[in-house]
Amino acid sequence: MKKTNLSDYDPAAVPDGSPYTIGVIAAEWNPQITDALLAGAVDTLRQHGVREENLLVRRVPGTFELSSAADMMIHFSQVDAVICIGCVIQGETRHFEFICQAVAQGITNVALKHERPVIFSVLTCDTMEQALDRAGGRHGNKGVEGAVTALKMLAYRASV
Ligand code: DLZ
């Protein structure tokens, strides 16, 4: 398989994050993965100007909780955007399908309800190896991509 880093991006094309307050919520399940995604997201936000005091980092038990947690964070803390970080690994039961379906729809609903960027940095993988490849491994880091997407969507929101 081609060893593409899916997270490569042009830093010059990323909007300045200094005006914004951004929340990052990470699931506790699969912590080896979610810790790496969280670090990638937070480092990238800092590199692009988001101030320490404007970063709100929180943990929730599992990926299923991400959308309700994002809704609460926007409601109670008025953050401009939220990056939702999780990792669901296919198991022997249908739990995987229900969690993935619920979080994808839930995050979409929260973004539409609040008219703010709510970013899907959730890995949905067949194996732990696939997740590691996308959490700082050979395919990059989906947390980095989530941070870049949040800043681009905030600039989009300011432009319309
Ligand atoms: C229950 C469960 C299972 C089986 N697998 C995962 C997973 O791979 N990744 C993850 O983030 N969370 C998992 N969970 C927990 C659910 O997301 C949720 O926390 C519980 O169902 C309680 O609502």
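The values are calculated or read from the model by the stated rules, or taken from the named source; none is laboratory data. Remember, predicted model here, so these are calculated numbers, not experimental data. We place every Cβ from the backbone using ideal geometry, glycine too, and count neighbours over all the protein chains shown. Surface areas here come from the heavy atoms of the whole protein model, side chains and all, with no ligands, DNA or RNA. Shrake-Rupley method; radii C 1.70, N 1.55, O 1.52, S 1.80 Å.
Numbers below:
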quantity: Karplus 3J(HN,Hα) series, Hz, for segment 49-63 with 6.51 cos²θ - 1.76 cosθ + 1.60 (x for Gly, Pro); calculated: x, 5, 6, 3, 6, 9, 10, 10, 9, 9, 10, 10, x, x, 4
quantity: Local electrostatic count at Arg116 - Lys and Arg +1, Asp and Glu -1, tallied over other residues with Cβ under 15 Å; calculated: 0
quantity: Hz values of 3J(HN,Hα) by residue in segment 79-93 - Karplus curve (6.51, -1.76, 1.60), Gly and Pro given as x; calculated: 5, 7, 7, 10, 9, 9, 10, x, 8, 10, 10, 4, x, 8, 10
quantity: For segment 1-59, alpha-carbon Rg and Dmax in angstrom; calculated: 13.3, 42
quantity: Principal axis dimensions, the chain - Cα atoms, whole angstrom, descending; calculated: 44, 34, 27
quantity: Solvent-accessible area per residue, Å², over segment 20-159 with all protein chains present [probe radius 1.4 Å]; calculated: 49 Å²
quantity: Total charge dipole magnitude, segment 20-159, about the Cα centre, Cβ charges on Lys, Arg, Asp, Glu only, Debye to nearest 20; calculated: 360 debye
quantity: Local electrostatic count at Ala102 - Lys and Arg +1, Asp and Glu -1, tallied over other residues with Cβ under 14 Å; calculated: -2
quantity: Karplus-derived HN-Hα couplings along segment 102-113 (A = 6.51, B = -1.76, C = 1.60, θ = phi - 60°), whole Hz, x at Gly and Pro; calculated: 5, 6, 5, 5, x, 5, 4, 4, 5, 4, 5, 4
quantity: Heavy-atom accessible surface of segment 20-159: percent carbon and sulfur, 1.4 Å; calculated: 53 percent
quantity: Dipole of the chain, positive end: most advanced residue of Val24, Leu112, Thr63 [Cβ charges, Cα centre]; calculated: Leu112
quantity: For Arg59, residues with placed amide H under 5 Å, excluding near neighbours; calculated: Ala26
quantity: Net charge of Cβ neighbours under 12 Å - reference Leu38; Lys, Arg +1; Asp, Glu -1; calculated: 0
